[in-house]
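I have placed the structure first, in the form of structure tokens, so that the comments after it can refer back to it.
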Amino acid sequence: MCQTFLPFVLSAAIATLLLAACSPERGAPVKTETDETATATADSAEPVPADRAPPSLPEPGEAGDTPVSNAPDGSDDQANFSGYGEVKFGTAVADMAKAWGGELQEMGKGENASCYFMAPAWVKNSAEFNFMIVDGKFVRFGTESARFLAPGGGKVGMTSAQIQSLYPGRIEQQPHNYTDGKYLRIMDAATGNALLFETDGTGNVTEWRVGQPPQVDYVEGCS
């Protein structure tokens with residue numbers, strides 16, 4: 001009987017050893033179908049286009065920290081009784097370009113350095129839009145263009161009746177020196193400065209200006 005049982009025991013032991021040799025080592029990761037699918041998905045994923053990627057926050061000192069000007073060169077609705085936008089009456093010539101927010105050019109200076117005009121670089125002639133300079137300081141601005149709005153909403157092309165409706169009870173009317181039109185003058189009590197519209201013989205506004213007395217009343221440029 002022992003002789004019959006011994007081969008059976010040996011066969012079982014050999015089978016056990018062979019099974020252990022073919023099994024994975026203890027602690028080794030077993031790759032599953034789920035892991036293979038995830039790896040394939042990650043490898044095949046397309047990069048996110050730059051225009052769809054979330055914006056990155058600017059680092060300190062980069063463009064995101066730089067304030068944007070609210071009064072760019074060319075804005076046409078900044079007229080007030082204190083000046084034009086950030087260009088205030090009394091501003092020195094050296095500081096005007098920075099306050100305006102763009103390049104300025106001298107116009108009509110000639111030999112008279114005490115009184116002349118400056119204008120934005122895009123202006124072709126001073127009648128379009130100008131700043132008057134007297135003794136090195138900004139004292140008046142004016143225009144013959146319908147593009148710009150005067151304080152209170154008046155502009156070139158309006159009728160005398162329209163101006164009267166915009167500034168009721170505030171207009172001092174005087175005859176024009178050279179035409180059958182009028183000078184319509186509006187004084188600002190808060191600043192002591194004035195707005196002056198010029199009209200032609202048909203009663204239409206041909207130009208206007210805002211400035212400090214006496215320069216605001218000059219009818220021939222600097223006189």
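Coordinate-derived values only; no laboratory data. As the structure is a prediction and not an experimental result, all values here were calculated from the model. Glycine gets a Cβ as well: all are built from the backbone with ideal geometry, and neighbour counts include every protein chain shown.
Using a basic spin-label model with each label point 7 Å from the Cα along Cα→Cβ, how many nm lie between E220 and A190?
Here the answer is 3.6 nm between the modelled labels.
Could you check the simple spin-label distance between T159 and D77, using points 7 Å along Cα→Cβ, in nm with one decimal?
Those two pseudo-labels are separated by 2.5 nm.
If the reach is capped at under 17 angstrom between alpha carbons, list the lysines near K98, excluding any in the same chain fewer than eight residues apart.
Here the lysines satisfying the reach criterion relative to K98 are K88, K137.
What does the convex hull of the Cα atoms come to per residue for segment 79-217, in Å³?
Value for segment 79-217: 109 Å³ per residue.
Identify the residues of segment 127-163 with backbone N under 17 Å of a label point that sits 7 angstrom from the Cα of T202 along the Cα-to-Cβ direction, or state none.
Zone members listed by number: 145-146, 155-163.
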